[in-house]
Amino acid sequence: MSDDLSPVARFLFEAGTLKQTKRTGWWMAGFKDPESVAEHSWRTSLIASIIAKLEGADPARAAFLAVWHDSQETRTGDVNHLGKKYGPAEPDPRDITADQVADMPEGLARVVIELVAEYEAKESLEAVCARDADKLECMIQGVEYRDQGYVHAQRWIDNSRARIVTGSGQALADAVLETGSLDWLREALGEQKR
C-alpha cells in the first residue's frame with residue numbers, strides 16, 4: 001500500500017477520546033457519571049440497524065452513518081442544547097469532518113466526508129433511521145437513568161420521544177416505554193414478570 005496511513009492512525013487515537021468524553025446534558029439531570037459519547041454512539045449504531053431493517057432501508061448503511069454521527073465531538077466536546085444557546089454559531093459537522101480526514105488517503109477521506117454529509121442532510125431513509133436511533137438511544141438512556149433514581153431524566157425521555165419520526169422508531173419507542181429496563185434480565189433468568 002502506497003498511501004501513508006499515519007493520518008488514519010492519528011485519527012484512531014483521536015476517536016478514542018470519545019470514550020472519555022461524557023454526554024454533558026445528563027449532568028443537568030443530576031447524573032454524576034454519565035455515559036460517554038462512544039457508549040452512546042455504539043448503541044445508536046445498533047438501534048439504527050434495527051430501525052432501518054424495520055423501515056425497509058439498508059441496516060448496514062444506517063449503522064455506518066450512526067457510528068460516525070458524533071465523531072466531530074473529538075474536536076468540540078459534547079455541547080448540550082443549553083450551551084449551544086450561548087456559544088457562537090454551532091460549527092458545521094461537515095467542516096469538522098473535513099479537517100479530521102484532510103490528510104487521510106483520498107478514497108477513505110471521501111467516504112467519511114460523504115457519510116457525514118448524508119447524515120447531516122437528513123434526506124436518505126438510512127440517515128432518517130440513524131437520526132431516529134440517536135433520539136431513541138437518548139430516550140432509552142433516560143429510562144435507565146430514571147430507573148436508577150434520577151427523576152429529572154424524564155424531560156430527556158419526553159423530548160427524545162417527541163423527535164422520533166419513523167413509524168418503526170415510534171413503535172419501538174412505545175415498546176421501550178412499556179418495558180422495564182431490567183425485564184431482559186428477569187426473562188433471561190426465567191423469573192415471573194411483575
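Taken together, the values in this text are just the output of simple stated rules run on the coordinates, not laboratory data. None of these values were measured; they are calculated from a predicted model. So basically every Cβ, Gly included, is an ideal-geometry build from the backbone, and we count neighbours across all protein chains shown.
Taking a span of 20 Å or more along the helix axis (Cα atoms) and a mean Kyte-Doolittle hydropathy of at least 0.5 as the rule, the DSSP H helices of the chain that qualify are 106-121.
Each Lys and Arg adds +1 at its Cβ and each Asp and Glu adds -1 at its Cβ; summed about the Cα centre, the range 23-96 shows a dipole of about 100 debye. The lysine pair tally for the chain, using Cα distances under 19 Å and a gap of 8 or more places or different chains, is 8.
Of the residues GLY169, GLY142, GLY25, which exhibits the maximal mean-square fluctuation in a Gaussian network model of the chain defined by a 10 Å Cα contact cut-off? Ranking GLY169, GLY142, GLY25 by mean-square fluctuation puts GLY25 first. Convex hull volume per residue, computed on the Cα atoms of the range 35-162, equals 115 Å³.
On full extension, the segment bounded by SER181 and LEU125 gains 17.3 nm, given 0.36 nm per residue less the C-alpha separation.
Computed packing ranks the peptides 116-127, 8-19, 40-51, 97-108 as 40-51, 116-127, 97-108, 8-19, most packed first, by mean other Cβ atoms within 10 Å.
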